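The values are calculated or read from the model by the stated rules, or taken from the named source; none is laboratory data. Predicted model only: the values in this text are computed from it and were never measured. Positions of Cβ are backbone-derived with ideal geometry, glycine not excepted, and every protein chain shown enters the neighbour counts.
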Amino acid sequence: MKHLYIKGVLALLWVLVTQVAIAQPGSQPTIKSKLIGTVVDANNKQPIAGAVVKIKGTTHAVSTDADGKFSFVTGQSFPYTLVVSFIGYIQQELRVDGSPVEIPLKENISQLNDVVITGYTTQERKYVASAITSISGDVIKDQPVAGFNQLLQGKVTGVQVLASNGTPGGGITFRIRGNNSINASVDPLYIIDGVFVSNADPIQTGLGNQQGSNPLADINPNDIESIQILKDANATAIYGSLGANGVVIVTTKRGKRNTAARISLNTYQGWSTAINKFKVATGPETAILTNESRVNTVKDNPNLPAPTLIANAEGQPTYDRFADLFRTARTQNYELATQGGTERSNYYIGLGYLNQDAVIRPSGYTRYTARLNYDTYLTNKLKVGTSINLSRSRRNLSGSDNSPTGVINSALFPRSYLPIYNADGTYARYGSFDNHIALIENLDNDAVGWRTIGNIYGEYTIIPGLKLRSSWSLDNGSEYENNYSNTLISAGISSLGSAASYENKNLVLTNEQVLNYIKTFGNGKHNINALVGNTINTVLTQNTSATGTGFAANSLKSVAVAATRSGSSSRAESKLLSFFSKVSYTYDNKYTIDGSIRADGSSKFGVNKQWGYFPSGGFAWRAGQEEFIKKLNIFDELKLRASIGLSGNQNGIGSYAAQGQWSSGANYLEQPGTAPSQLANPDLTWETTRQVDFGAEFGFLKNRLNIVIDYYNKYTYDLLLNVPVPYRSGFASYLQNYGAVRNKGVEFAVNSTNVQSVNFKWTTNFNISYNNNKIEKLASDIALGASGRNISILRQGFAVNSFQLYKQLYVDPQTGNAVYDDVNKDGQITSADRQIVGNALPKFTGGFTNNLSYKNVDLSFFFYFQQGNKIMNMNDFFMVHGGLQANIGFLPRQLERWQKPGDQTDIPRLTADSRNPAVNGGAANNYGGNVANLSSRYLEDGSFIRLKTFSLGYNLPASLLQKIKISKIRLYAQATNLLTFTRYGGLDPEVSSQSSNQNTAGYDWATIPQPKTFQIGANVTF
Amino acid sequence: MKTLYIKNILLVATVLVTASCKKYLEVIPNNALPTESAITDAGTARAAIIGAYDRVQGYYASSYPTLGTITTDNVVFNGTLSEYLQLDQNAVPTDNVITVSAYQSIYRAINSANSVIAYVPAVQDAQLTTVEKNKILSEAYFIRALGYFDLARGWGGVQLQLKPTTDLTVLKGIKRSTLDQTYDQVLADLIQAEQLLPEDATTRNRAQKSAARALRARLHLYRKQWADAENYATQVISNTKYSLVKPYKSFFTAPFQTAESVLELAYSVNDRNTYWNLWYPSSAGGQYTLKPSDALVTKLNNPSIGGTRNTLVAGTGSSVYGVLYNTTATGTDPSYLIRIAELYLIRAEARAQQNKLVEATADLNAVRSRADAGATTAVGQGPLLQAIEDENGVEFAFEAHRWFDLVRTERAGAVLGLNNRNYWLFPIPYSDVLSDPDVTQNPGY
């Protein structure tokens, strides 16, 4: 009574303070029983905070406090039934007849029953008629990787994730169900707590066509509660023009109301080394190969003067450049978070710090994050809240690793018999290459990013089930880069130091209104979930840069003090206006039918065709609920789904792509000039993806074994294609809606709880995805990639990311010359004989995870695999050159060259002869000639299986913890990228060095390999 | 009544919403002009011709001089980029980056010139006098002539695009012309240009009457019209605006724009020419992709061949490098299009061909004596023509000359050992062969 009274007073005070709350007149019940109890995890007996305990048949419910405790003072008399529920646990009903009670809750290992976030609303998983995969935040926590999206690798069917390189916070490839497009973006839409988040790489510093950063590394993965991946059209069409590449919805942690503050502290320390290090031919080997090539060249062309040979080839020294290049890199991570809630509001505050060095000098990454999530009920009907993420990232960039003035190239390419320093102690440089030590010591490329991602919302419950939500979101990013090349590195020598400063601002503003109606009626027979809404979206990108050359001293780095200075700027703005509606109806818990429609208007498109309409529909049948299936006693769940719909794409093309333009800046003699730069296309409109999906979900053995299978067929048409036009037009290409791409595939996932006993638990997750990509329609071939070598090609009838090379059939054992496939049988090797010899897309990707726990010890390991992709090994391309490159050394593979009749090898005879470049099987094409080393012998199988993580943890026993008033301490050790099984001959098969362009995937070119990391860490909860 | 009221409100609301949607979706760039209003007044007309010069810079800064040098015995490949290796080996695939870039950039310049020719006459603006209008127009004619001339000598007869590309339909049905037809178009444009271009005593970085005459002299030389070549060369040489400057290196020493230049494209710190980067070694901040051949270095260092032209190279031993483009700190090296020395050698060759051997020898010696290389020892028409060829090779060692000279005189086989005549023309870009039904590839590619 007194308790209640105090609560009432407090409630009254709250009303007075806020002056908006509506007092609820309530009658005081007569007290017939008092009950106290504890809700604990059935597994580890740990208290569960925030569980809801309700007396069945009444509206009386309370939640548990931080210690899992709850109490009832009620008008009900014993015995009565409690209903206890908590997200992630199976709802439990318990008849109580006296106090106190302990209620164990079992974790819900089946994910079939929980709630999933679908477009603009939530739905119980069992009713969902879409292909949506949910990932718990636990899966991605405490990994030595900055970006949460990178951590989804191998965890979700239909999602292919590949790190481009081993740079901390570096770029990744993330595709949901394949590459849908050629010129428009193929990245999914990321939504974090309702904010449409920009995934545009802000780094301006040239990194040799590597994607400079992963913009989503600005989010601390440990702040994430769950991630939903929306894959099929029924799920994504509601996002209309943004949804064609799939949608990733991230929900961050929020406190629970009526829970006491909980503070958690996480930290880990890591030590990384490269999974593999470069090896080059030794000094004597290099000299011998060079001499052999020179002798052969003169043999081939006797008109040449006698060869000049390197004297004392066997006695040449070898200089190791890699000892200084690689290092044991440190990773440090600290996180502090608190969450909790009062009766009316809840909060989550998280702070994070991550510092990670690359395994190759001098790259590094530091990130500070802060998050505040807060929700409060102003009245019983009006809820407002906010989610704010602040982050500051700092990257030490290593510019253009794959250019001759980059760190890796400068260490890898110079001939190993050449000394690193000149006799006078200065840095030695050869040919085009800089000195790697000079670069490591003097490179100064600093990029600092600030990111604010936040929204505020208000949600008003008009009548029960009918809610109006208005949300105002912002993603404001700013990247400030300062680069300085002093006179000790090649880039700064000639200009007496050169500095560049870039400021890149990216602003995404989104406002949305959603009216949502969720109602169950007719004794639960009918479920309706309907919504209607609109969004207004603006994207503004602005750049300013300043460069200066000529500095008085190396310590003076500011552009302001340079002798000559120049500047540049750009601005692009695009807008999107959308209206949408969605209805989902479920009958009798068995049949669900969905329909949605979205209309989008985009400022990017031609005035004639700005608006696009994207409908979708889906159907789900829970066959497992039918009596005749139930009688089989096999299935605990059996659901069949089908969906079809359209979604659009406008990302990745310029803001003014439809307008005819003369660009400015074509200046001469310090006078302003203009010149034609873009052809108008008033009919430019949406690229559209039509997707069909069939899915089946099974639950066996009391839902301990779950299987999800999906088949999809996506057809993307009216591609936003830069169609090549004849150069005589004065233009290179014309953006128009032309072409089509198809992706079809199968996804299969198994979740199994193998053992679940009091002390021992073992779960296994296996998933595998197959995707087949094919360009169905294209105006003409588009060849690109590898700095104009056109190794990548887009061709009708083939997959995107195909490689075109001269196919080497064999090396003639008699002559030692390479023989290539003469495709057009004209007896000559010309550019017409280049052919597609593979592509960079894996056929299969997947993961295999096992989690085991025995009492206080837990162990988990996770394998990732991909199969069927090819890698163009550019290091081989350059360094197995047969003697053609005077300033470049050799890789050991060159030693396998043909030397005498009868040798069986795929590495042809060394020669630099260039006569008769069209003759097949002649010496000229061995390395140079028309083939120009673009031989299929440098294209390798990139399939691999990798033990991504292996971790072992220990929870300190509760008895000990109680003494020091700490609720949980877990200590763990973990290894990342411990083992790799592959036939790939380069350093690391997980690589994509030219990833800044989505159509040039699969190159390995002087790239930082993935780190092998050992870490130890602790999770402490107070 | 009430329903009508509501209906009206809805109607008005719909109209307002539709209008505001439309307005909301309107975005205007701040760094580009809509094509429709690209040339409408004095300011935009001036900007358009400036833009056309910028486009000429686009291919003369780096790609075109590279095509004229690394393909010959003067310059060898010393870098990592295979597009240069391909040119050095004269094994040029259809997607060779340098040939593609040059071809594309030339047509970009032509499209700019075509736009000026098409739209400037219609501009009505008191600020734009007839005199200025004519100047702008004639410069456009000159640029178009230069573009087609540079295409013709590299790729043979090409497709003649004489209207600005407003949409793709203007491209339809235009086939490749013959080499003669292309040169006829160059001549027609040069005649227009020469009529209207101004001439003053100082301008060397924009087209003037003399530049048109000099290009015409070169055109006649290429077409073996010796008398015309001699005539037009004489017209330029006799202009006191030009002289052979001494020492040799002064024309490529900042601040440039010497009396040597008939036409050179100027650069500034805001509009840089980084071609030096391809010539300088990495120890001096360059890439060192283009390296003077040993044979050339020997010639340059021979006082009776190179004379003071040995200042074209620096460095020692295996690290000799070319320094014609040398403003490593500022990037202001000009692109040398026409120097007065060329007119002397054009006239020497034209006269030698007409058997005016004394005059021819005098012209040749004018160039040699400027370089302190002494008088030529060649006697007789054949040896004199050979001496002129050799002189061209040394005088313009790192400019867009030697390759085109050897092809023009059909000597590429004898001098370079490139006996397959198909390879004397560059290939039409791979992408054009795929995308253009009206184009045909050069034979042998």
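For the residues B:T169, B:T203, the requirement of being free of Cβ contacts under 8 Å to residues at least 12 places away in the same chain, within 14 Å of chain A (Cβ to nearest Cβ) and farther than 19 Å from A:R728 by Cβ singles out B:T203. If B:A126 meets every condition in (1) within 13 Å of another protein chain (Cβ to nearest Cβ); (2) assigned to a loop (DSSP other than H, G, I, E, B) apart from one, which number is that one? Every condition holds for B:A126 apart from (1).
For residues that are free of Cβ contacts under 8 Å to residues at least 40 places away in the same chain and among the hydrophobic types (A, V, I, L, M, F, W, C), scanning just the stretch A:726-757, find the one that is nearest to B:R176 (Cα to Cα). If we take residues in the stretch A:726-757 being free of Cβ contacts under 8 Å to residues at least 40 places away in the same chain and among the hydrophobic types (A, V, I, L, M, F, W, C), then A:A732 is nearest to B:R176 (Cα to Cα).
Here A:K761 does not qualify as at negative phi, crowded, with 23+ Cβ neighbours inside 10 Å and away from every other protein chain (no Cβ under 12 Å). Filtering the stretch A:474-492 to residues that are outside any strand (DSSP E or B) and either among the aromatic types (F, W, Y) or out of contact with any helix residue (DSSP H, G or I) (no Cβ under 6 Å at 6 or more places or on another chain) (or both) leaves A:A491, A:G492.
Do any helices (runs of 4 or more DSSP H) entirely within the stretch B:26-115 hold 3 or more residues that are more than 7 Å from chain A (Cβ to nearest Cβ) and out of contact with any strand residue (DSSP E or B) (no Cβ under 6 Å at 6 or more places or on another chain), and if so, which?
Output list reads B:42-60, B:63-69.
From the list A:A311, A:A323, A:A281, the one residue that fits, being part of a loop (DSSP other than H, G, I, E, B) and surrounded by fewer than 21 Cβ atoms within 10 Å (Cβ to Cβ), is A:A311.
Have a look at B:L137, B:L162, B:L151 and point out the one that is within 11 Å of another protein chain (Cβ to nearest Cβ) and assigned to a helix (DSSP H, G or I).
Among B:L137, B:L162, B:L151, only B:L151 is within 11 Å of another protein chain (Cβ to nearest Cβ) and assigned to a helix (DSSP H, G or I).
Is it the case that the stretch A:646-659 has a residue that's part of a loop (DSSP other than H, G, I, E, B), within 14 Å of another protein chain (Cβ to nearest Cβ), free of Cβ contacts under 8 Å to residues at least 40 places away in the same chain and crowded, with 20+ Cβ neighbours inside 10 Å? Within the stretch A:646-659 (the criterion being part of a loop (DSSP other than H, G, I, E, B), within 14 Å of another protein chain (Cβ to nearest Cβ), free of Cβ contacts under 8 Å to residues at least 40 places away in the same chain and crowded, with 20+ Cβ neighbours inside 10 Å), the answer is yes, since at least one residue qualifies. Flag not set for A:I408, criterion: surrounded by fewer than 24 Cβ atoms within 10 Å (Cβ to Cβ), within 14 Å of another protein chain (Cβ to nearest Cβ) and under 28 Å from A:G883 (Cα atoms).
Among residues of the stretch A:393-433 being at pLDDT 90 or above and small (G, A, S), the one that is farthest from A:F878 (Cα to Cα) is A:S393. Selection within the stretch A:660-700: residues that are touching a Lys or Arg at 6+ places or on another chain (Cβ under 9 Å) and of a type in the set (F, W, Y). The member of this set that is nearest to the other protein chains (Cβ to nearest Cβ) is A:Y668. Is it fair to say A:I117 is among the β-branched types (V, I, T) and closer than 30 Å to A:R367 by Cα? Judged against the criteria, A:I117 is a match. Across the stretch A:215-236, not a single residue is classified as buried (at least 24 other Cβ atoms within 10 Å of the Cβ), at positive phi and not basic (K, R). Look at the stretch B:78-128 and say how many of its residues are crowded, with 22+ Cβ neighbours inside 10 Å, at pLDDT 95 or above and of a type in the set (G, A, S). Of the residues in the stretch B:78-128, 6 are crowded, with 22+ Cβ neighbours inside 10 Å, at pLDDT 95 or above and of a type in the set (G, A, S).
Quick grid of which residues meet (1) polar (S, T, N, Q); (2) within 28 Å of the chain's Cα centre (by Cα); (3) within 26 Å of B:P427 (Cβ to Cβ); (4) in a helix (DSSP H, G or I):
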residue: A:A832; (1), (2), (3), (4): no, no, yes, yes
residue: A:N850; (1), (2), (3), (4): yes, yes, no, no
residue: A:D858; (1), (2), (3), (4): no, yes, no, no
residue: A:F890; (1), (2), (3), (4): no, no, no, no
residue: A:Q904; (1), (2), (3), (4): yes, no, no, no
residue: A:T911; (1), (2), (3), (4): yes, no, yes, no
residue: A:R915; (1), (2), (3), (4): no, no, yes, no
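Over 19 Å from B:Q441 (Cα atoms) and in contact with a strand residue (DSSP E or B) (Cβ under 8 Å, 6 or more places away or on another chain): does that describe B:T165? Considered against the rule, which asks whether it is over 19 Å from B:Q441 (Cα atoms) and in contact with a strand residue (DSSP E or B) (Cβ under 8 Å, 6 or more places away or on another chain), B:T165 comes out as yes. Residues that are assigned to a loop (DSSP other than H, G, I, E, B) and exposed (fewer than 15 other Cβ atoms within 10 Å of the Cβ) within the stretch A:557-580 comprise just one, A:S558. Identification of strands (runs of 3 or more DSSP E) wholly contained in the stretch A:919-1008 with 1 or more residues that are over 22 Å from A:I907 (Cα atoms) and touching a helix residue (DSSP H, G or I) at 6+ places or on another chain (Cβ under 8 Å) yields A:968-982. Before we move on, is A:G868 on the phi > 0 side of the Ramachandran plot and within 36 Å of the chain's Cα centre (by Cα)? Yes, satisfied.
Here B:A352, B:A341, B:A360, B:A397 are screened, and the one residue that is assigned to a loop (DSSP other than H, G, I, E, B), at pLDDT 95 or above and closer than 27 Å to B:K241 by Cα is B:A397. Can you say whether B:S318 is part of a helix (DSSP H, G or I), within 10 Å of another protein chain (Cβ to nearest Cβ) and within 19 Å of A:I493 (Cα to Cα), as far as the supplied structure shows? Taking the combined requirement at face value, the residue does not satisfy it.
Scanning the stretch B:175-215 for residues that are within 30 Å of B:T440 (Cα to Cα), of a type outside the set (S, T, N, Q) and either buried (at least 18 other Cβ atoms within 10 Å of the Cβ) or in contact with a helix residue (DSSP H, G or I) (Cβ under 7 Å, 6 or more places away or on another chain) (or both) yields B:R176, B:L179, B:Y183, B:V186, B:L187, B:D189, B:L190, B:L215.
Any residue at all in the stretch B:225-243 that's within 14 Å of chain A (Cβ to nearest Cβ), in a loop (DSSP other than H, G, I, E, B) and at pLDDT 95 or above? The answer is no, given that none of the residues of the stretch B:225-243 is within 14 Å of chain A (Cβ to nearest Cβ), in a loop (DSSP other than H, G, I, E, B) and at pLDDT 95 or above. Within the stretch B:269-285, the set of residues being within 8 Å of another protein chain (Cβ to nearest Cβ), in contact with a Ser or Thr (Cβ under 7 Å, 6 or more places away or on another chain) and either outside any loop (DSSP other than H, G, I, E, B) or touching a residue at least 12 places away in the same chain (Cβ under 8 Å) (or both) comprises B:V269, B:W276, B:Y280, B:P281, B:S282, B:A284, B:G285.
Filtered by the rule that a residue be among the charged types (D, E, K, R) and either within 29 Å of A:Q866 (Cβ to Cβ) or more than 14 Å from chain B (Cβ to nearest Cβ) (or both), the stretch A:810-854 gives A:D812, A:D821, A:D822, A:K825, A:R834, A:K843.
Within the stretch A:436-478, the set of residues being over 32 Å from the mean Cα position of the chain (by Cα) and among the aliphatic types (A, V, I, L, M) comprises A:I437, A:A438, A:I462, A:I463, A:L466, A:L468.
Among the residues of the stretch A:203-234, those identified as of a type in the set (G, A, S) and at pLDDT below 85 are A:G206, A:G208, A:G212.
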